[in-house]
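Worksheet: one structure, shown below.
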Amino acid sequence: MTPWEMLAVFATSIGAGALNTVVGSGTLITFPVLLAIGLPPVTATVTNALGLIPGSISGAIGYRRELRGQSRRLLKLSVAALLGGLCGAVLLLTLPATAFERIFPVLVALALVLVVLQPRINKLLRHRHRETTGRGLFTGLLLAGVYGGYFAAAQGIIYMSLMGMLLDETPQRLNAAKNVLVAVVNAAAALLFLFVADYDWTAVALIAAGSALGGRLGAEAGRRFSPATLRFLIVAVGGIALVHLLVR
C-alpha cells in the first residue's frame, strides 16, 4: 500500500465512522476504497468489518448519556446481534459472492419505508408495545444481524427501523442502542474472521484509527439533530445506499 493509498483509507474511515454513528452505511465509503487499492471483495469486506469495530465502540461511548436505562434491554438484544453476526460471517465465508445480491436492496428499501412511516406506525402500535418488543424485536434483530455479519452496509438503518417501529423511544436513544448493536455484530463476525479469513492488517489498523475518531465526532454532531432531521438523514443516506446496491 502506497502512502497516498494509506491516506485515502484513513481519511475515508473518519467519514465512515462519523456516518455510522449518526446514521449508518459508512461501509459505502470505505468499501470502494479498499477495492480500489486492490483488495479482493471478500477480503475487503472482512478488513472493513474488523476496522470499523473501534468506530462503533467510540460512537456508543459518545452516546453514553442516551444509553442510560437501556442496559437490560441491550443485553437481551445483543444476544440476537451476536448470533446473527456469527451466522452472517459464516455465510460470507461459505456462500457464493452473488448469493445475497438480490436481497440486499429489498432489505434496505423495506427499512427506509419503515423509517418514513415510523411516526404513524408508532401511534398505531403504542398500545401494543408491551406485546411487540419481545420475540418480534429479538427475531427481527437476529435476522438483521445475519445481514450485518454478511454485508455491513446499511445495517444500522435496518436496526433503527426495527427498533423505531417496536420501541417507544426517542430517535436519539434508539441511535445510541443501534451503535451498540452494530459493534456487537461486527465484533461477532470479527471473531470468526480472525481465524479463518484473509484480511489486510495495515488497512485494518488505518480504518480502526480513523473510524474511532470519526465515531466520536459523529456522536458530538448527531445528538444535536432533531428527530425529524435524524429521520431525514437516515432516509437520504439509505437512499444513496439503495442506489449503490442496485448498480454494484
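Tally up the residues in the range 169-190 that are in contact with a Pro (Cβ under 8 Å, 6 or more places away or on another chain) and either at pLDDT 85 or above or part of a helix (DSSP H, G or I) (or both), please.
Final tally of qualifying residues: 2.
Looking only at helices (runs of 4 or more DSSP H) that fall completely inside the range 1-68, which ones have 2 or more residues that are among the basic types (Lys, Arg)?
Because the criterion is at least 2 residues that are among the basic types (Lys, Arg), the helices (runs of 4 or more DSSP H) in the range 1-68 that meet it are 64-67.
Pairs please, first residue from the range 33-45 and under 11 Å from residue 92 (Cβ atoms), second anywhere and open to solvent by less than 30 Å² (accessible area, probe 1.4 Å), Cβ atoms under 7 Å, 6+ apart in sequence or on different chains.
42/92; 45/92; 45/151
So, in the range 139-150, of the ones that are surrounded by fewer than 24 Cβ atoms within 10 Å (Cβ to Cβ) and of a type outside the set (Val, Ile, Thr), which residue ends up modelled with the lowest pLDDT?
Per the criteria, the residue is 140.
Looking only at the range 31-40, count how many residues are modelled with pLDDT of 80 or more and open to solvent by less than 70 Å² (accessible area, probe 1.4 Å).
Number satisfying all stated conditions: 5.
Mind checking whether some residue in the range 41-63 is open to solvent by 70 Å² or more (accessible area, probe 1.4 Å), of a type outside the set (A, V, I, L, M, F, W, C) and modelled with pLDDT under 80?
yes
The values are calculated or read from the model by the stated rules, or taken from the named source; none is laboratory data. This is a predicted model, so every value here is computed, not measured. Glycine gets a Cβ as well: all are built from the backbone with ideal geometry, and neighbour counts include every protein chain shown. SASA here: full protein model, heavy atoms, side chains in, ligands and nucleic acids out. Shrake-Rupley method; radii C 1.70, N 1.55, O 1.52, S 1.80 Å.
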